[in-house]
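*Asks:* Handing you this structure, nothing more for now.
The values are calculated or read from the model by the stated rules, or taken from the named source; none is laboratory data. Please read these numbers as outputs of a predicted model, since none were measured by experiment. Don't worry about glycine lacking a Cβ; one is built from the backbone with ideal geometry, like all the others, and counts go over all protein chains shown.
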Ligand SMILES: [Mn+2]
(Lines give C-alpha, C1' and ligand atoms only; values in the text may rest on other atoms or scores of the structure.)
Protein backbone atom coordinates (compact mmCIF):
# COMPACT_ATOMS: atom_id res chain seq x y z
CA UNK A 1 0.00 0.00 0.00
CA UNK A 2 1.28 3.44 -0.87
CA UNK A 3 1.90 5.84 2.01
CA UNK A 4 0.93 9.44 2.62
CA UNK A 5 3.66 12.01 3.10
CA UNK A 6 4.19 15.75 3.41
CA UNK A 7 6.99 17.79 1.85
CA UNK A 8 8.47 20.51 4.07
CA UNK A 9 10.79 23.35 3.07
CA UNK A 10 13.94 23.82 5.13
CA UNK A 11 12.58 26.52 7.43
CA UNK A 12 9.48 24.39 8.05
CA UNK A 13 11.39 21.42 9.51
CA UNK A 14 10.06 22.04 13.02
CA UNK A 15 8.39 19.85 15.67
CA UNK A 16 5.18 21.84 15.16
CA UNK A 17 5.07 21.03 11.43
CA UNK A 18 5.94 17.38 12.04
CA UNK A 19 2.97 17.24 14.44
CA UNK A 20 0.81 18.97 11.81
CA UNK A 21 1.79 16.34 9.22
CA UNK A 22 0.94 13.50 11.60
CA UNK A 23 -2.39 15.14 12.51
CA UNK A 24 -3.27 15.45 8.81
CA UNK A 25 -2.75 11.72 8.31
CA UNK A 26 0.77 11.69 6.87
CA UNK A 27 3.18 8.98 7.97
CA UNK A 28 6.24 10.16 6.02
CA UNK A 29 8.22 13.38 5.50
CA UNK A 30 10.07 14.56 2.39
CA UNK A 31 12.52 17.25 3.53
CA UNK A 32 14.06 20.09 1.53
CA UNK A 33 17.47 21.14 2.85
CA UNK A 34 18.14 23.81 0.21
CA UNK A 35 17.10 27.23 1.46
CA UNK A 36 15.04 28.65 -1.42
CA UNK A 37 14.31 31.83 0.50
CA UNK A 38 17.82 33.11 1.23
CA UNK A 39 18.37 36.61 -0.12
CA UNK A 40 15.67 36.30 -2.74
CA UNK A 41 12.69 38.56 -3.37
CA UNK A 42 9.69 36.48 -2.41
CA UNK A 43 6.12 37.32 -1.60
CA UNK A 44 5.87 34.91 1.29
CA UNK A 45 8.10 32.21 2.78
CA UNK A 46 4.99 30.25 3.73
CA UNK A 47 4.26 29.57 0.05
CA UNK A 48 6.16 27.67 -2.64
CA UNK A 49 9.11 29.73 -3.93
CA UNK A 50 8.52 31.77 -7.08
CA UNK A 51 11.19 34.50 -7.14
CA UNK A 52 12.27 36.97 -9.80
CA UNK A 53 14.59 37.03 -12.83
CA UNK A 54 17.37 36.35 -10.31
CA UNK A 55 15.52 33.23 -9.19
CA UNK A 56 14.94 32.15 -5.62
CA UNK A 57 18.00 33.91 -4.24
CA UNK A 58 21.51 32.93 -3.24
CA UNK A 59 22.53 29.26 -3.27
CA UNK A 60 23.99 27.71 -0.12
CA UNK A 61 27.55 27.41 1.17
CA UNK A 62 29.69 25.48 -1.34
CA UNK A 63 31.89 24.20 1.52
CA UNK A 64 29.06 22.93 3.72
CA UNK A 65 27.80 19.55 2.56
CA UNK A 66 24.95 18.00 4.52
CA UNK A 67 26.61 15.73 7.09
CA UNK A 68 25.56 12.27 8.23
CA UNK A 69 25.20 13.72 11.74
CA UNK A 70 22.72 16.43 10.76
CA UNK A 71 20.77 14.02 8.54
CA UNK A 72 20.63 11.51 11.39
CA UNK A 73 19.41 14.22 13.76
CA UNK A 74 16.70 15.20 11.28
CA UNK A 75 15.60 11.56 10.93
CA UNK A 76 15.40 11.25 14.72
CA UNK A 77 13.41 14.48 15.03
CA UNK A 78 10.96 13.24 12.40
CA UNK A 79 10.71 9.86 14.10
CA UNK A 80 10.05 11.39 17.50
CA UNK A 81 6.88 12.88 15.96
CA UNK A 82 5.78 9.38 14.89
CA UNK A 83 6.83 9.84 11.27
CA UNK A 84 9.42 8.38 8.88
CA UNK A 85 11.94 10.47 6.93
CA UNK A 86 11.55 9.12 3.39
CA UNK A 87 13.65 11.46 1.24
CA UNK A 88 15.68 14.59 0.87
CA UNK A 89 14.45 16.62 -2.11
CA UNK A 90 16.89 18.57 -4.33
CA UNK A 91 20.61 19.16 -4.28
CA UNK A 92 21.87 22.65 -3.47
CA UNK A 93 23.12 24.32 -6.68
CA UNK A 94 26.18 25.41 -4.65
CA UNK A 95 27.15 21.73 -4.32
CA UNK A 96 26.59 20.46 -7.87
CA UNK A 97 26.22 23.36 -10.38
CA UNK A 98 29.25 22.39 -12.44
CA UNK A 99 27.69 18.97 -13.09
CA UNK A 100 24.75 20.79 -14.68
CA UNK A 101 26.97 23.38 -16.39
CA UNK A 102 29.90 21.04 -17.20
CA UNK A 103 32.15 23.60 -15.53
CA UNK A 104 35.71 23.40 -14.19
CA UNK A 105 34.61 22.06 -10.78
CA UNK A 106 32.67 19.13 -12.26
CA UNK A 107 34.87 16.38 -10.77
CA UNK A 108 34.77 18.08 -7.36
CA UNK A 109 30.98 18.39 -7.58
CA UNK A 110 30.62 14.71 -8.48
CA UNK A 111 32.55 13.95 -5.28
CA UNK A 112 30.19 16.31 -3.41
CA UNK A 113 27.16 14.38 -4.66
CA UNK A 114 28.76 11.03 -3.81
CA UNK A 115 29.53 12.29 -0.30
CA UNK A 116 25.96 13.53 0.20
CA UNK A 117 24.55 10.20 -1.02
CA UNK A 118 26.85 8.26 1.33
CA UNK A 119 25.77 10.54 4.19
CA UNK A 120 22.10 9.84 3.40
CA UNK A 121 22.83 6.12 3.47
CA UNK A 122 24.66 6.39 6.77
CA UNK A 123 21.77 8.39 8.25
CA UNK A 124 19.17 5.87 7.03
CA UNK A 125 17.47 8.10 4.47
CA UNK A 126 16.53 5.88 1.49
CA UNK A 127 15.77 8.40 -1.26
CA UNK A 128 17.29 11.53 -2.82
CA UNK A 129 15.05 13.56 -5.15
CA UNK A 130 16.76 15.69 -7.78
CA UNK A 131 15.96 17.83 -10.81
CA UNK A 132 18.63 17.84 -13.51
CA UNK A 133 17.97 21.26 -14.96
CA UNK A 134 19.97 24.34 -15.92
CA UNK A 135 17.17 26.87 -15.40
CA UNK A 136 15.25 24.93 -12.75
CA UNK A 137 11.72 25.87 -11.74
CA UNK A 138 11.60 29.30 -13.39
CA UNK A 139 9.08 31.29 -15.42
CA UNK A 140 6.01 30.69 -13.31
CA UNK A 141 3.52 33.37 -12.36
CA UNK A 142 1.25 33.69 -9.33
CA UNK A 143 -2.36 34.81 -9.26
CA UNK A 144 -5.83 34.14 -7.92
CA UNK A 145 -5.94 31.12 -10.24
CA UNK A 146 -7.64 28.43 -8.13
CA UNK A 147 -11.24 27.93 -7.02
CA UNK A 148 -12.68 30.77 -4.97
CA UNK A 149 -9.82 33.03 -5.97
CA UNK A 150 -7.22 31.04 -4.06
CA UNK A 151 -3.66 32.17 -4.85
CA UNK A 152 -1.74 29.56 -6.82
CA UNK A 153 1.00 29.23 -9.42
CA UNK A 154 0.86 28.90 -13.19
CA UNK A 155 2.38 29.95 -16.45
CA UNK A 156 1.11 32.64 -18.79
CA UNK A 157 3.43 32.10 -21.74
CA UNK A 158 7.03 31.10 -22.53
CA UNK A 159 9.92 32.50 -20.47
CA UNK A 160 13.14 32.78 -22.43
CA UNK A 161 14.89 35.74 -20.84
CA UNK A 162 18.55 34.62 -21.21
CA UNK A 163 20.05 33.16 -18.04
CA UNK A 164 23.33 34.58 -16.72
CA UNK A 165 26.46 32.50 -16.04
CA UNK A 166 26.14 33.36 -12.35
CA UNK A 167 22.96 31.29 -11.97
CA UNK A 168 22.12 27.59 -11.93
CA UNK A 169 18.89 25.78 -11.12
CA UNK A 170 17.11 29.11 -10.59
CA UNK A 171 19.49 30.29 -7.88
CA UNK A 172 22.48 32.63 -7.86
CA UNK A 173 25.77 30.73 -7.60
CA UNK A 174 28.06 33.71 -8.33
CA UNK A 175 26.72 37.24 -7.68
CA UNK A 176 29.58 38.71 -9.77
CA UNK A 177 28.37 36.92 -12.89
CA UNK A 178 24.69 37.78 -12.90
CA UNK A 179 25.33 40.11 -15.87
CA UNK A 180 27.54 37.67 -17.78
CA UNK A 181 25.68 35.65 -20.42
CA UNK A 182 25.66 31.85 -20.12
CA UNK A 183 27.18 30.20 -23.23
CA UNK A 184 24.60 28.33 -25.37
CA UNK A 185 23.90 24.68 -24.51
CA UNK A 186 22.28 22.09 -26.79
CA UNK A 187 19.79 19.45 -25.74
CA UNK A 188 22.27 16.71 -26.75
CA UNK A 189 24.94 18.25 -24.50
CA UNK A 190 22.54 18.31 -21.55
CA UNK A 191 21.51 14.66 -22.07
CA UNK A 192 25.20 13.78 -22.18
CA UNK A 193 25.75 15.58 -18.88
CA UNK A 194 22.85 13.65 -17.29
CA UNK A 195 24.20 10.34 -18.62
CA UNK A 196 27.68 11.01 -17.21
CA UNK A 197 26.17 12.11 -13.90
CA UNK A 198 24.04 8.98 -13.50
CA UNK A 199 26.83 6.62 -14.55
CA UNK A 200 29.24 8.33 -12.14
CA UNK A 201 27.02 8.40 -9.04
CA UNK A 202 24.63 5.43 -9.32
CA UNK A 203 27.23 2.86 -8.18
CA UNK A 204 27.76 4.97 -5.04
CA UNK A 205 24.00 5.21 -4.51
CA UNK A 206 23.57 1.43 -4.84
CA UNK A 207 26.39 0.79 -2.38
CA UNK A 208 24.86 3.28 0.07
CA UNK A 209 21.36 1.79 -0.22
CA UNK A 210 20.01 5.09 -1.59
CA UNK A 211 17.79 5.61 -4.62
CA UNK A 212 17.97 8.72 -6.77
CA UNK A 213 14.57 10.00 -7.95
CA UNK A 214 14.35 12.36 -10.93
CA UNK A 215 11.76 15.14 -11.07
CA UNK A 216 10.60 16.03 -14.59
CA UNK A 217 10.94 19.62 -15.80
CA UNK A 218 8.68 22.13 -14.05
CA UNK A 219 7.40 23.87 -16.10
CA UNK A 220 7.70 21.17 -18.82
CA UNK A 221 8.73 23.47 -21.67
CA UNK A 222 11.30 22.48 -24.33
CA UNK A 223 13.30 25.54 -23.23
CA UNK A 224 13.23 27.90 -20.25
CA UNK A 225 15.50 30.96 -20.14
CA UNK A 226 16.83 29.90 -23.54
CA UNK A 227 18.29 26.70 -22.06
CA UNK A 228 17.22 23.16 -23.03
CA UNK A 229 15.13 20.90 -20.79
CA UNK A 230 15.38 17.11 -20.46
CA UNK A 231 12.06 15.56 -19.38
CA UNK A 232 9.39 17.85 -20.81
CA UNK A 233 7.29 15.12 -22.49
CA UNK A 234 6.16 11.84 -20.87
CA UNK A 235 8.24 9.54 -23.12
CA UNK A 236 11.47 11.35 -22.17
CA UNK A 237 11.34 9.74 -18.71
CA UNK A 238 12.00 6.44 -20.52
CA UNK A 239 15.14 7.91 -22.05
CA UNK A 240 16.35 8.76 -18.53
CA UNK A 241 15.54 5.25 -17.23
CA UNK A 242 17.27 3.60 -20.17
CA UNK A 243 20.55 5.41 -19.44
CA UNK A 244 21.33 3.06 -16.56
CA UNK A 245 19.49 -0.11 -15.42
CA UNK A 246 20.41 0.39 -11.74
CA UNK A 247 17.52 -0.10 -9.30
CA UNK A 248 18.70 3.22 -7.79
CA UNK A 249 17.77 5.04 -11.02
CA UNK A 250 14.17 6.02 -10.20
CA UNK A 251 11.65 8.79 -10.76
CA UNK A 252 10.23 11.54 -8.58
CA UNK A 253 6.99 11.20 -10.50
CA UNK A 254 5.34 14.63 -10.59
CA UNK A 255 1.79 14.00 -11.75
CA UNK A 256 1.02 17.71 -12.12
CA UNK A 257 4.06 18.37 -14.30
CA UNK A 258 3.22 15.35 -16.49
CA UNK A 259 -0.35 16.62 -16.93
CA UNK A 260 1.07 19.99 -18.06
CA UNK A 261 2.99 18.27 -20.89
CA UNK A 262 1.58 18.68 -24.41
CA UNK A 263 1.96 15.04 -25.50
CA UNK A 264 0.94 11.62 -24.19
CA UNK A 265 -1.77 10.31 -21.87
CA UNK A 266 -1.27 10.95 -18.14
CA UNK A 267 -2.85 7.68 -16.98
CA UNK A 268 -0.90 5.54 -19.48
CA UNK A 269 2.26 7.36 -18.40
CA UNK A 270 1.73 6.68 -14.69
CA UNK A 271 0.82 3.05 -15.47
CA UNK A 272 3.89 2.62 -17.65
CA UNK A 273 6.47 3.85 -15.14
CA UNK A 274 4.76 2.26 -12.11
CA UNK A 275 4.66 -1.09 -13.95
CA UNK A 276 8.42 -0.84 -14.53
CA UNK A 277 8.82 -0.34 -10.77
CA UNK A 278 10.68 2.93 -11.41
CA UNK A 279 8.70 5.25 -9.18
CA UNK A 280 10.74 6.43 -6.18
CA UNK A 281 8.03 8.72 -4.84
CA UNK A 282 5.12 10.73 -6.16
CA UNK A 283 4.18 14.42 -6.30
CA UNK A 284 0.41 14.67 -6.52
CA UNK A 285 -1.49 17.84 -7.36
CA UNK A 286 -4.04 19.07 -9.88
CA UNK A 287 -3.80 21.54 -12.73
CA UNK A 288 -5.90 23.22 -15.41
CA UNK A 289 -4.30 23.54 -18.85
CA UNK A 290 -0.95 22.67 -20.35
CA UNK A 291 2.26 24.57 -21.04
CA UNK A 292 2.73 27.37 -21.86
CA UNK A 293 -0.60 28.30 -20.24
CA UNK A 294 -1.67 26.38 -17.16
CA UNK A 295 -2.78 27.03 -13.59
CA UNK A 296 -2.21 24.87 -10.50
CA UNK A 297 -5.55 24.05 -8.83
CA UNK A 298 -7.09 22.30 -5.83
CA UNK A 299 -6.53 18.55 -5.81
CA UNK A 300 -10.21 17.77 -6.54
CA UNK A 301 -10.68 20.52 -9.13
CA UNK A 302 -8.67 20.28 -12.34
CA UNK A 303 -7.88 18.26 -15.45
CA UNK A 304 -6.56 15.28 -13.47
CA UNK A 305 -8.68 12.46 -12.03
CA UNK A 306 -6.46 12.14 -8.95
CA UNK A 307 -8.32 9.10 -7.59
CA UNK A 308 -7.75 7.32 -10.90
CA UNK A 309 -4.02 8.09 -10.64
CA UNK A 310 -3.95 6.64 -7.12
CA UNK A 311 -5.79 3.51 -8.31
CA UNK A 312 -3.26 3.01 -11.12
CA UNK A 313 -0.36 3.30 -8.65
CA UNK A 314 -2.10 0.87 -6.30
CA UNK A 315 -2.88 -1.64 -9.07
CA UNK A 316 0.84 -1.64 -9.92
CA UNK A 317 1.65 -2.41 -6.24
CA UNK A 318 3.40 0.93 -5.70
CA UNK A 319 4.22 1.00 -1.99
CA UNK A 320 6.20 4.23 -1.78
CA UNK A 321 5.22 7.69 -0.63
CA UNK A 322 2.78 10.13 -2.23
CA UNK A 323 2.95 13.82 -1.21
CA UNK A 324 0.69 16.76 -2.14
CA UNK A 325 3.48 18.65 -4.01
CA UNK A 326 2.06 22.19 -4.12
CA UNK A 327 -1.41 23.35 -3.10
CA UNK A 328 -3.28 26.65 -3.55
CA UNK A 329 -3.17 28.99 -0.55
CA UNK A 330 -6.43 29.12 1.42
CA UNK A 331 -7.92 32.26 2.97
CA UNK A 332 -7.19 31.99 6.68
CA UNK A 333 -4.45 32.59 9.24
CA UNK A 334 -2.42 29.64 7.91
CA UNK A 335 -2.86 29.59 4.10
CA UNK A 336 -0.14 27.03 3.33
CA UNK A 337 -1.14 24.65 6.10
CA UNK A 338 -4.83 24.82 5.21
CA UNK A 339 -4.03 24.05 1.57
CA UNK A 340 -1.87 21.09 2.54
CA UNK A 341 -4.42 19.77 5.07
CA UNK A 342 -7.09 19.93 2.37
CA UNK A 343 -4.92 18.01 -0.11
CA UNK A 344 -3.86 15.44 2.51
CA UNK A 345 -7.47 14.89 3.57
CA UNK A 346 -8.50 14.25 -0.03
CA UNK A 347 -5.59 11.86 -0.54
CA UNK A 348 -6.31 10.05 2.75
CA UNK A 349 -9.88 9.48 1.55
CA UNK A 350 -8.49 8.23 -1.76
CA UNK A 351 -6.32 5.73 0.10
CA UNK A 352 -9.39 4.42 1.97
CA UNK A 353 -11.08 3.57 -1.34
CA UNK A 354 -8.10 1.33 -2.21
CA UNK A 355 -8.09 -0.86 0.88
MN1 LIG B 1 6.54 18.38 -8.49
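*Asks:* Taking strands (runs of 3 or more DSSP E) that do not extend beyond the range 285-355, which have at least 1 residues that are modelled with pLDDT of 95 or more and more than 15 Å from the ligand (Cβ to nearest atom)?
*Replies:* 286-290, 293-297
*Asks:* Need at least 2 residues that are at pLDDT 95 or above and more than 16 Å from the ligand (Cβ to nearest atom) per element, so show me which helices (runs of 4 or more DSSP H) inside the range 176-275 make the cut, counting only ones lying wholly within it.
*Replies:* Numbers: elements: 187-208, 236-243, 255-259, 266-275.
Qualifying helices (runs of 4 or more DSSP H): 187-208, 236-243, 266-275.
Listed here are the residues, each with its yes/no results for (1) in contact with a strand residue (DSSP E or B) (Cβ under 6 Å, 6 or more places away or on another chain); (2) within 24 Å of residue 27 (Cα to Cα); (3) free of Cβ contacts under 8 Å to residues at least 60 places away in the same chain.
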| site | (1), (2), (3) |
| --- | --- |
| 242 | no, no, yes |
| 262 | yes, no, yes |
| 284 | yes, yes, no |
| 292 | yes, no, no |
| 300 | no, yes, yes |
| 307 | no, yes, yes |
| 321 | yes, yes, no |
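*Asks:* Please enumerate the residues belonging to the range 169-192 that are buried (at least 20 other Cβ atoms within 10 Å of the Cβ) and under 12 Å from residue 58 (Cβ atoms).
*Replies:* Matches in the range 169-192: 170, 171, 172, 173.
*Asks:* Now, a different point. Sort through 103, 60, 121, 82 and tell me the only one that's over 18 Å from residue 132 (Cα atoms), outside any helix (DSSP H, G or I) and touching a helix residue (DSSP H, G or I) at 6+ places or on another chain (Cβ under 8 Å).
*Replies:* On the way: 103 fails: over 18 Å from residue 132 (Cα atoms); 60 fails: over 18 Å from residue 132 (Cα atoms); 121 fails: outside any helix (DSSP H, G or I).
Exactly one of 103, 60, 121, 82 is over 18 Å from residue 132 (Cα atoms), outside any helix (DSSP H, G or I) and touching a helix residue (DSSP H, G or I) at 6+ places or on another chain (Cβ under 8 Å), namely 82.
*Asks:* Still on this structure, I have one more. Can you report the number of residues in the range 52-64 which are out of contact with any strand residue (DSSP E or B) (no Cβ under 7 Å at 6 or more places or on another chain) and either over 15 Å from residue 91 (Cα atoms) or crowded, with 18+ Cβ neighbours inside 10 Å (or both)? Lay out the reasoning, then the answer.
*Replies:* Taking the range 52-64 and keeping what is out of contact with any strand residue (DSSP E or B) (no Cβ under 7 Å at 6 or more places or on another chain), we get 52-53, 60-64.
If we keep only those that are either over 15 Å from residue 91 (Cα atoms) or crowded, with 18+ Cβ neighbours inside 10 Å (or both) too, we end up with 52-53, 60.
Adding up the residues that qualify gives 3.
*Asks:* Hey, another quick one. Identify the single condition in (1) surrounded by fewer than 21 Cβ atoms within 10 Å (Cβ to Cβ); (2) under 17 Å from residue 187 (Cβ atoms); (3) in contact with a helix residue (DSSP H, G or I) (Cβ under 9 Å, 6 or more places away or on another chain) that residue 132 does not satisfy, given that it satisfies every other one.
*Replies:* (1)
*Asks:* Given (1) crowded, with 21+ Cβ neighbours inside 10 Å; (2) modelled with pLDDT of 95 or more; (3) in a loop (DSSP other than H, G, I, E, B), identify the lone condition not met by residue 36.
*Replies:* The single condition residue 36 does not satisfy is (2).
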